[in-house]
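Student: What follows is a structure written as structure tokens; I'll ask about it next.
The values are calculated or read from the model by the stated rules, or taken from the named source; none is laboratory data. Remember, predicted model here, so these are calculated numbers, not experimental data. Every residue, glycine as well, gets a Cβ built from its backbone with ideal geometry; the counts of neighbours run over all protein chains shown. Areas reflect the complete protein model, heavy atoms only, side chains present, ligands, DNA and RNA absent. Shrake-Rupley method; radii C 1.70, N 1.55, O 1.52, S 1.80 Å.
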Amino acid sequence: DEQYDPQALQTKWQARWEELDPFRANEDAGDARPRKYLLDMFPYPSGDLHMGHGEVFAIADVVARYWFQRGYNVLHPIGWDSFGLPAENAAIKRNAHPAEWTYANIETQATSFKRYAISFDWSRRLHTSDPEYYRWNQWLFNRFFERGLAYRKGGLVNWCPKDQTVLANEQVVAGRCERCGTDVVRRELTQWYFKITEYADRLLQDMDQLGGWPERILTMQRNWIGRSEGADVRFEIEGRGEPVTVYTTRPDTLYGATFFVVAADAPLAEELCDPERLPELTAYRSQVAKLTDIERLATDKEKTGVFLGRYAVNPVNGERLPVWAADYVLSGYGHGAIMAVPAHDQRDLDFALKFELPVQVVVHTGLADPGETGVATPGEGTLVNSGPLDGLSKIEAISRIIEILEERGAGKAAVNYRLRDWLLSRQRFWGTPIPIIHCPDCGEVPVPDEQLPVTLPDLRGEALAPKGVSPLASAADWVNVDCPKCGGRALRDTDTMDTFVDSSWYYLRYCSPQYEEGPFDVEQVRRWGPIDQYVGGSEHAVLHLMYSRFFTKVLHDMGMVDFTEPFVRLLNQGEVINQGKGMSKSLGNGVDLGEQIDSFGVDAVRLTMLFAGPPEDDIDWANVSPAASQKFLARAFRVMAEAASASAPGTDAATGDLELRKVTHRTIDEVTRLVESHHFNVAIARLMELTTAARRAIDSGPGAADPAVREAAEALAVMLSLVTPYVAEEGWERLGHGPTVVRGGWPVADPALLVRESVTCVVQVAGKVRDRLEVSPDISGAALEELALASEKVRTYLDGAPRKVVVRAPKLVNIVP
Ligand code: ANZ
Ligand code: ZN
């Protein structure tokens, strides 16, 4: 028979799919099929597709193709997240426009996606850098602005000196720019923000809808939101009319406060400072300005600070607390000031020991005196030296002190969040212009909806180089406009939006990508949303995945979507690494997806990606063998081809070889469950076993013409089509079906063929039979041992871990207690 020729199959079937367009979603309301919406995180067009893309899109494609086979009306769209810095840097280097590089790369990736056989509905393709798309970023910005959810404020922001732009907190990783790794500095700027903090509680609460998300991501989001409960306590400041409020999670320790600290960079520090000490404070502040929040909070950092020459008054005992300015208190957190309790807070203790401030124990924990050991005791205990709180436990003392503070009007229970508002402005060119006009008389005036989009001016090359202000500022005739309200001379806002705005709602646009009356057709989103399965990297845990959830909630409040969470299930794929390390130019261990495909064919590369392990695990390309995958595919191809030429479609399988039929139906049954639970690697192993069984039946069993062989080959074609669509299409066509295997129909296992013999295993404890287990004849020793030790009957005879377990699979387990 013919040889398996992957490249020939690719040429043939890619052209067929182009013609047949088999992956179109049907948006008609009259289509009664149940719908499924599958989404891959859309790519950034940084060049051609890389190995990471090869993995994530292969994973998602299995799910999509499974749903096609099951008869769903599937939405599986693709687009590009095409605004961003790299395009701009490339344009500066080549003296070109960022659009040239961007759209050329998009075409390259689109071509590669088609070859890679991903089941996209190409008619819904979108690019966020198209004015037809970013127009709606601006429209949404206007809605947020109207609702008070977009606002401008001055303050210290994270600044990347290399990219010459601000960064959101989420984009600062261990004090460095997430994109280029440069140390981030702090800068005072007036910037646009989205008020995500207003949604902090709902972002937490709605996590109970996210049972289909990895626990790890939920934990990261929970920590990022950082909700804590405690109290706001008001301290009078000597010589100042207004009290200063502090936030504390330990109001029970109020009697142990021995000093008071304000954030060095907060305006309050300057205001409270004794004029004589002002030069010292000013010098200190310039030092602090160089540090990021993370550095400032680091527990091992040497404590620094300046005494301001003032005193705060403890509201419960009237004690005078010296007021200091220090960097370990952050201006953007709580109220930017704290009561310091050195006995029970390590940072306060480090500070107290350095500056010789008193340490007062107020919670007796049974541990040694922190003033002597230098180790604070933050744990549970009994209150001492605390007047009315003495003898109470920590929890009791917290409620009691809050009552006392409330009675005196000196404080109240309070909740605090670590989450900050989303800093939106970027001083870069290749993004969505913020649709605001600054008028000297009317202030911030949104560009009226009917004048959107505000398109980017035509700048290229050097004009785009980072200058610390947005390149848009240099386009004079773009910047100078008439105020939409009063008609007077006014200026456009020259910042562009963080590109995470683009990706916060793209999944809604896919439901009606050409819609012109709004960002999306509400009716279509009602039909398709929310997304049944989202697939993408965990690097977006607190960025994209938090912002999208926030946008969805705002849109829900606007009455535009009827759900509050966008992604019902989330799958985070692992990384593709090589020789145990991430691929990089400097390590010289990069593997090129295109080259792998040229050498082994698309099917073999996809199979290798999916067979390497569970989708969540990293794949070390040094440990896998696309050549072996190709060999398997050649075997599967021959089984299908030989069955095809030996029998005609429609033969009655019931008359076929029973042994092979059992294998086929067991495989269908297991693969169905394995695909649904995303155990794709195990599903592939089962398909390999089925191929071997069919081969054996052809060579040394009933022969290729047996109806059971055809049945096996047809099931193989459909199941393989999820992973290796080219060889599956060819097999399916040869077996006499068509025009495509995409909707060939998922095979159904016959329950009568699933009964599997079992054997009885005897479990003995200390030589006496205590239980009997029905197990599969080919159970592994380890699995059998686990089963035996889990038996309730056995466990009543065990006291702790057994001393020894002897396993003779499948018939005997002997436990020595
Ligand atoms: C007194 C105290 C005593 C505190 C004690 C802790 C232990 P979370 O849980 O993260 O919300 N804090 C408050 N505002 C701060 C700021 N702007 N910068 C740095 N630290 C600040 O932490 C709340 C605790 O962090 C607060 O409770 C406060 O210290 C500190 F035995 O107040 B605590
Ligand atoms: Zn005006």
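Student: Counting only residues that are at positive phi and in contact with a helix residue (DSSP H, G or I) (Cβ under 8 Å, 6 or more places away or on another chain), how many does region 168-193 have?
Tutor: Our first condition is that a residue be at positive phi; within region 168-193, this holds for 174-175, 181.
Filter again for in contact with a helix residue (DSSP H, G or I) (Cβ under 8 Å, 6 or more places away or on another chain), leaving 174-175.
Selection size over region 168-193: 2.
Student: Name the pairs: first residue in region 377-399 and under 16 Å from residue 341 (Cα atoms), second residue of a type in the set (A, V, I, L, M) and open to solvent by 50 Å² or more (accessible area, probe 1.4 Å), Cβ to Cβ under 7 Å, at least 6 apart or on different chains?
Tutor: 377/367
Student: Does residue 781 fit the bill of being open to solvent by less than 50 Å² (accessible area, probe 1.4 Å) and out of contact with any Asp or Glu (no Cβ under 7 Å at 6 or more places or on another chain)?
Tutor: Against the criterion (open to solvent by less than 50 Å² (accessible area, probe 1.4 Å) and out of contact with any Asp or Glu (no Cβ under 7 Å at 6 or more places or on another chain)), residue 781 qualifies.
Student: Determine which single condition residue 754 fails, assuming it passes every other condition in (1) at pLDDT 95 or above; (2) touching a His at 6+ places or on another chain (Cβ under 8 Å).
Tutor: (1)
Student: Let me ask you something else. Residue check, residue 31 against (1) open to solvent by less than 50 Å² (accessible area, probe 1.4 Å); (2) part of a helix (DSSP H, G or I), all met but one. Which one?
Tutor: The failed condition is (2).
Student: Is region 758-772 home to any residue that is of a type in the set (A, V, I, L, M), in contact with a Cys (Cβ under 9 Å, 6 or more places away or on another chain) and open to solvent by less than 40 Å² (accessible area, probe 1.4 Å)? Talk me through it step by step, then tell me what you get.
Tutor: As a first pass, look at region 758-772 and keep what is of a type in the set (A, V, I, L, M): 759, 762-763, 765-766, 769.
From what is left, the residues that are in contact with a Cys (Cβ under 9 Å, 6 or more places away or on another chain) are none.
No, the conditions are met nowhere in region 758-772.
Student: Further question on the same structure: Open to solvent by 10 Å² or more (accessible area, probe 1.4 Å) and closer than 25 Å to residue 419 by Cβ: which single residue out of 228, 286 fits that description?
Tutor: 228
Student: Continuing with the same structure: Restricting to region 404-449, and then to whatever is within 16 Å of ligand 2 (Cβ to nearest atom) and either in contact (Cβ under 8 Å) with a residue 60 or more places away in the chain or of a type in the set (Val, Ile, Thr) (or both), can you tell me which residue is surrounded by the fewest Cβ atoms within 10 Å (Cβ to Cβ)? If you could, list the steps in order and put the result at the bottom.
Tutor: So in region 404-449, the residues within 16 Å of ligand 2 (Cβ to nearest atom) come out as 435-448.
Still in the list and also either in contact (Cβ under 8 Å) with a residue 60 or more places away in the chain or of a type in the set (Val, Ile, Thr) (or both): 435-437, 444-447.
Numbers: 435: 26, 436: 23, 437: 24, 444: 14, 445: 18, 446: 21, 447: 22.
Here the residue is 444.
Student: Now, a different point. Quick check: is even one residue across region 460-475 modelled with pLDDT of 95 or more, of a type in the set (Ser, Thr, Tyr) and either within 32 Å of the chain's Cα centre (by Cα) or farther than 28 Å from residue 44 by Cα (or both)?
Tutor: Within region 460-475, none of the residues are modelled with pLDDT of 95 or more, of a type in the set (Ser, Thr, Tyr) and either within 32 Å of the chain's Cα centre (by Cα) or farther than 28 Å from residue 44 by Cα (or both).
Student: Among the listed residues 243, 267, 275, which satisfies the condition of being open to solvent by less than 60 Å² (accessible area, probe 1.4 Å) and under 18 Å from residue 312 (Cα atoms)?
Tutor: Criteria check complete, one pass: 243.
Student: Restrict the check to region 434-445 and report whether at least one residue is acidic (Asp, Glu) and in a helix (DSSP H, G or I). Walk me through how you get there before you give the answer.
Tutor: Looking only at region 434-445, we keep the residues that are acidic (Asp, Glu), and these are 441, 444.
Next cut, in a helix (DSSP H, G or I) only: none.
So far as region 434-445 goes, no, none of its residues is acidic (Asp, Glu) and in a helix (DSSP H, G or I).
Student: Now a separate question. Return yes when residue 153 is under 30 Å from residue 729 (Cβ atoms) and either open to solvent by 10 Å² or more (accessible area, probe 1.4 Å) or part of a strand (DSSP E or B) (or both) and no when it is not.
Tutor: So residue 153 fails the test.
Student: Report, by residue number, each residue of region 454-492 that is more than 16 Å from ligand 2 (Cβ to nearest atom) and open to solvent by 40 Å² or more (accessible area, probe 1.4 Å).
Tutor: Answer for region 454-492, where residues must be more than 16 Å from ligand 2 (Cβ to nearest atom) and open to solvent by 40 Å² or more (accessible area, probe 1.4 Å): 455, 458, 460, 462, 466, 467, 469, 473, 474, 476, 477.
Student: Are any residues in region 581-610 under 26 Å from the mean Cα position of the chain (by Cα), of a type in the set (A, V, I, L, M) and surrounded by fewer than 17 Cβ atoms within 10 Å (Cβ to Cβ), and if so, which ones?
Tutor: Listed by number, the list holds a single entry, 591.
Student: What number of residues within region 314-336 satisfy the criterion of being more than 6 Å from ligand 1 (Cβ to nearest atom), farther than 16 Å from residue 350 by Cβ, open to solvent by 10 Å² or more (accessible area, probe 1.4 Å) and touching a strand residue (DSSP E or B) at 6+ places or on another chain (Cβ under 8 Å)?
Tutor: Qualifying residue count, region 314-336: 7.
Student: Are any residues in region 530-580 among the acidic types (Asp, Glu) and under 9 Å from the mean Cα position of the chain (by Cα), and if so, which ones? Outline the logic, then answer.
Tutor: Initial filter on region 530-580 (among the acidic types (Asp, Glu)): 532, 539, 557, 562, 565, 575.
Of everything in region 530-580, just one residue is among the acidic types (Asp, Glu) and under 9 Å from the mean Cα position of the chain (by Cα), namely 539.
Student: Turning to a different aspect of this structure: Can you work out which of the residues in region 343-394 that are assigned to a strand (DSSP E or B) and touching a Gly at 6+ places or on another chain (Cβ under 6 Å) is surrounded by the fewest Cβ atoms within 10 Å (Cβ to Cβ)?
Tutor: 364
Student: Collect the residues in region 89-124 that are assigned to a helix (DSSP H, G or I), open to solvent by less than 20 Å² (accessible area, probe 1.4 Å) and not hydroxyl-bearing (Ser, Thr, Tyr), keeping them in residue-number order.
Tutor: 90, 91, 98, 106, 109, 110, 113, 124
Student: Sticking with this one: Is it true that residue 310 is of a type in the set (Lys, Arg) and within 15 Å of ligand 1 (Cβ to nearest atom)?
Tutor: no
Student: Among the numbered conditions (1) under 21 Å from residue 756 (Cα atoms); (2) within 43 Å of the chain's Cα centre (by Cα); (3) outside any strand (DSSP E or B), tell me where residue 774 comes up short.
Tutor: Going through (1) under 21 Å from residue 756 (Cα atoms); (2) within 43 Å of the chain's Cα centre (by Cα); (3) outside any strand (DSSP E or B) one by one, residue 774 breaks only (3).
Student: With respect to the numbered conditions (1) within 19 Å of residue 39 (Cβ to Cβ); (2) open to solvent by 40 Å² or more (accessible area, probe 1.4 Å); (3) among the hydrophobic types (A, V, I, L, M, F, W, C), which one is the sole condition not fulfilled by residue 551?
Tutor: Every listed condition holds for residue 551 apart from (2).
The rows are residues; the columns are (1) without any contact (Cβ under 8 Å) to a residue 12 or more places away in the chain; (2) not in a loop (DSSP other than H, G, I, E, B).
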{"site": "740", "(1), (2)": "no, no"}
{"site": "744", "(1), (2)": "no, no"}
{"site": "752", "(1), (2)": "yes, yes"}
{"site": "769", "(1), (2)": "yes, yes"}
{"site": "784", "(1), (2)": "no, yes"}
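Student: What number of residues in region 164-179 are under 17 Å from residue 467 (Cα atoms) and open to solvent by 10 Å² or more (accessible area, probe 1.4 Å)?
Tutor: Looking only at that region, the number is 1.
Student: Right, something else. For a quick check of your reading of the model, give me the residue pairs whose first member lies in region 5-20 and is exposed (fewer than 14 other Cβ atoms within 10 Å of the Cβ), whose second is modelled with pLDDT of 95 or more, with beta-carbon atoms closer than 7 Å and at least 6 apart or on different chains.
Tutor: 7/601
Student: Does residue 302 satisfy the condition of being away from ligand 2 (no atom under 16 Å from the Cβ), surrounded by fewer than 16 Cβ atoms within 10 Å (Cβ to Cβ) and farther than 30 Å from residue 173 by Cα? Please lay out each step first, then the result.
Tutor: Values: away from ligand 2 (no atom under 16 Å from the Cβ): yes; surrounded by fewer than 16 Cβ atoms within 10 Å (Cβ to Cβ): yes; farther than 30 Å from residue 173 by Cα: no.
In short, no.
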